[in-house]
1. Among the residues of the range 121-133, how many are closer than 16 Å to Ile156 by Cβ and not in a loop (DSSP other than H, G, I, E, B)?
2. Would you call Gly67 farther than 22 Å from Gln140 by Cβ and either modelled with pLDDT of 95 or more or basic (Lys, Arg) (or both)?
3. So the check is Cβ under 8 Å with 6+ separation or different chains; which pairs have a first residue in the range 94-116 that's of a type in the set (S, T, N, Q) and a second one that's surrounded by 18 or more Cβ atoms within 10 Å (Cβ to Cβ) and outside any loop (DSSP other than H, G, I, E, B)?
4. With the requirement that a residue be in contact (Cβ under 8 Å) with a residue 60 or more places away in the chain, farther than 18 Å from Arg191 by Cβ and either among the basic types (Lys, Arg) or out of contact with any strand residue (DSSP E or B) (no Cβ under 8 Å at 6 or more places or on another chain) (or both), what does the range 54-79 give you?
5. Would you call Thr175 at pLDDT 95 or above and either exposed (fewer than 15 other Cβ atoms within 10 Å of the Cβ) or closer than 22 Å to Gly17 by Cβ (or both)?
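The values are calculated or read from the model by the stated rules, or taken from the named source; none is laboratory data. Note that the coordinates shown come from a computational prediction; the quantities given were computed from them, not determined experimentally. Cβ coordinates were reconstructed from backbone atoms using ideal geometry, including for glycine residues, and neighbour counts include every protein chain displayed.
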Amino acid sequence: MLLNPTQMSELLQTFPGSRLLVQDFGLTGVPLQDPKDPNRVWSIQNLFAPLPRCLGGVRARCLDQKGFVSFIDQMGLEILLGLAQAGDDCPWADWVYPSPQDYNWYGFCADPLDLLDDLFLREVLLRAHWAYLPQGMELQRFVHVDTGQDVLETHILVWDGDRTTGMSPDPRMETLEARWARADKEKVQWRRL
């Protein structure tokens, strides 16, 4: 087990204004072979705080060798790291660890909240180079949504400010969705890139 997210809240400290965990547990850069596609190797980039959804647990943001982003939940991560075995009771959740061959294996996937965390992190990195993000700026990212579902998303910065308060620049996560608009989402074939 990596950690018990229901009992070790002190280890779930995040950077202010984000869900990015301060502690990476030494996992940054660790490679993970995709059990659904052995040609795809993921590298752990960051760990994020649990979200209020069915599985719970920390989430690992990963990039593959072609630059696609995806996430894996703590249960799947513990299996792939060899910290748990399929069929064992999960000590921090009311679930049994699934096998990558099981129907309830989530594996590498990205839901809208995961993708918000990724977009926010990308915006933070842009802010390291720009004091004020220019209106109309484009951001593209390759996303592995789920097994067999890979896309190229293009986002456009509407305005680096909060329309309600007029505050600009506006680096807050809670207003992220109002700053960026998805302009395009194109299905791509990972093997052909």
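1. 3
2. On the way: farther than 22 Å from Gln140 by Cβ: no; either modelled with pLDDT of 95 or more or basic (Lys, Arg) (or both): yes.
No: the conditions fail for Gly67.
3. Ser99/Ile79
4. Of the residues in the range 54-79, the ones in contact (Cβ under 8 Å) with a residue 60 or more places away in the chain are 61, 64, 66-70, 74, 77-78.
Next cut, farther than 18 Å from Arg191 by Cβ only: 61, 74, 77-78.
Those that are in contact (Cβ under 8 Å) with a residue 60 or more places away in the chain, farther than 18 Å from Arg191 by Cβ and either among the basic types (Lys, Arg) or out of contact with any strand residue (DSSP E or B) (no Cβ under 8 Å at 6 or more places or on another chain) (or both): Arg61, Glu78.
5. Values: at pLDDT 95 or above: yes; either exposed (fewer than 15 other Cβ atoms within 10 Å of the Cβ) or closer than 22 Å to Gly17 by Cβ (or both): yes.
So Thr175 fits the description; yes.
Here's the yes/no breakdown for (1) aliphatic (A, V, I, L, M); (2) assigned to a loop (DSSP other than H, G, I, E, B); (3) in contact with a helix residue (DSSP H, G or I) (Cβ under 6 Å, 6 or more places away or on another chain):
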| site | (1), (2), (3) |
| --- | --- |
| Gly136 | no, yes, no |
| Phe142 | no, no, no |
| Thr154 | no, no, no |
| Ser168 | no, yes, no |
| Leu176 | yes, no, yes |
| Arg191 | no, no, no |
